[in-house]
Amino acid sequence: MPVPETIAQPGSGVDQDTGPGRPRTATEVLRPHAEHAFADELAALAAADDRPRPARWRLSPWAVATYLLGGTLPDGTVITPKYVGPRRIVEVAVTTLATDRALLLLGVPGTAKTWVSEHLAAAVSGDSTLLVQGTAGTPEEAVRYGWNYAQLLAHGPSEDALVPSPVMRAMAQGMTARVEELTRIPADVQDTLITILSEKTLPVPELGQEVQAVPGFNLIATANDRDRGVNELSSALRRRFNTVVLPLPASPEAEVDIVARRVEQLGRSLALPAVPDGADEIRRVVTVFRELRDGVTTDGRTRVKSPSGTLSTAEAISVVTGGLALAAHFGDGVLRPADIAAGILGAVVRDPAADRVVWQEYLETVVRERDGWKDFYRACREVSA
Ligand SMILES: Nc1ncnc2c1ncn2[C@@H]1O[C@H](COP(=O)(O)OP(=O)(O)O)[C@@H](O)[C@H]1O
Ligand SMILES: [Mg+2]
């Protein structure tokens, strides 16, 4: 059955100049969708891409992987890396989308699950907005379909009264659907995905019809490791997914690289004045986060206690971005220890009692003695006081 386009469809509105479906650039909206922010790269990849593309894919699997991992095209176009991590992970994720299994991105918070999911959907389908946000309150309608009640009351159930979910639209159009935080969704609502993923159909009993998925349809779900036990995936549903675990950055260098790249992009989109030479402080934030996360100092000599928060790469990115804003607006334009101290404290001390003790101990036993960390120690003492 035809699925009504009740809402303007972002991906298909490319030719329009007005209206909600129009692509938005960074100067117009705070955060453009990946397919708009990187439209130039995607177009260059499509032009250079002579490998076979699965049905309705905008790019070949090779080009999708290049979009995610970065590279240089024969015509010299530079594709910026979106994901920094093992190539194989990206290759497995991309090829999964070309099979009849769905993709589950699993990992601790801040390992770029959402980020990778958005960029995969943008590269494969040219549209990352067919998204269901999973929460404890996600209703079945968000995964299947709902009704426009005015229409329903006036004319009874009809195709016109049906409000398709993002998943239903993706099925009808052969696109990539996304489900965020799958394990937070109540088990009975999760189960509605089983028929969709195994039978590739979504029955609409009220109309005696069904929506059958067309080639190109697939689904990317994300879930946090830490949420285990909230709503454990049923084994029936888990079998429909290929699971790809996104790891924490393997080395301090890799993590510094990720933070530096993202901070630079974010600073540009927030129009922060350029702050040169943030590298030292970025390395410091990453070092502190990794040591507290790992429970041991980089040299392996001193054990430290871990605080309750995750101290993810994503949080390191926010701390540095916050520090850059301080440096740009209130400092001398150089990122200094004082600009990141308050941000670090906020990220580390989540539980005011226990985490504060952990932090004080780290400050006195590790930071205080470390060469070149005097200014940082002093700045931390000042904000903790
Ligand atoms: N390996 C990585 N490569 C690139 N960016 C990363 C990486 N790890 C974390 N990030 C950045 O961290 C931020 C948060 O990631 P997000 O996708 O929200 O995490 P998650 O959904 O896993 O909790 C994103 O801005 C992303 O760019
Ligand atoms: Mg996420």
Original post:
Kirkwood Rh, the range 10-245, all Cα pairs: how many Å?
Top reply: 18.6
**OP:** Among Leu104, Leu237, Leu246, determine the one that fluctuates most according to a GNM of the chain built with springs between C-alpha atoms less than 10 Å apart.
**Re:** Leu237
Subject >> With Cα atoms, 0 to 90° folded angle of helix 313-330 axis to the chain main axis >> reply: 60
**OP:** Please work out the FRET efficiency for the pair Thr298 and Arg381, using the Cβ-Cβ distance as r and a Förster radius of 22 Å; give the result to the nearest 0.05.
**Re:** 0.50
**OP:** Between Val334 and Arg101, with labels modelled 7 Å along Cα→Cβ, what's the label distance in nm to one decimal, could you check?
**Re:** 5.3
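With a Förster radius of 25 Å, plug the Cβ-Cβ distance of Met1 and His155 into 1/(1 + (r/R0)^6) and report the FRET value to the nearest 0.05.
My answer for the efficiency is 0.95.
Which value in deg cm²/dmol, rounded to the nearest 500, describes the helix-derived mean residue ellipticity at 222 nm for the chain, given -39,500 (n - 2.57) per DSSP H run of n ≥ 4 and division by the residue count?
Numbers: 16 runs with 167 residues, N = 385.
For the chain, the value works out to -13000 deg cm²/dmol.
Report the local net charge at Ala122: Lys and Arg +1, Asp and Glu -1, summed over other residues whose C-beta lies under 12 Å from its C-beta.
Numbers: positive: Arg58, Lys82, Arg178; negative: Glu35, Glu41, Glu118, Asp127.
Value of the local net charge: -1.
Suppose R0 equals 30 Å; then what is the FRET efficiency for Arg268 and Ala55 from their Cβ-Cβ distance, rounded to the nearest 0.05?
Working: r = 36 Å, r/R0 = 1.21.
So the FRET efficiency works out to roughly 0.25.
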Subject >> Residues of type lysines that Lys305 reaches as a straight line, Cα spacing below 29 Å, ignoring anything fewer than 8 places off in the same chain >> reply: Lys113, Lys374
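List the relative contact order of the chain as a percent without decimals, with contacts defined as Cα pairs under 8 Å and 6+ residues apart. Can you show the working numbers first?
Details: 645 pairs, mean separation 55.6, N = 385.
Reported as a whole number, the value is 14 percent.
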**OP:** Please list the radius of gyration and Dmax for the range 273-381, considering alpha-carbon atoms only, with Å as the unit.
**Re:** 13.3, 40
Original post:
Which angle from 0 to 90°, rounded to the nearest 10, does the C-alpha axis of helix 279-294 make with the longest principal axis of the chain?
Top reply: 80
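Read the figures in this text as sums done on the coordinates, not as results from a lab. Remember, it's a predicted structure, so these values are computed and weren't measured experimentally. Cβ: placed from backbone, ideal geometry, glycine included. Neighbour counts: every protein chain shown.
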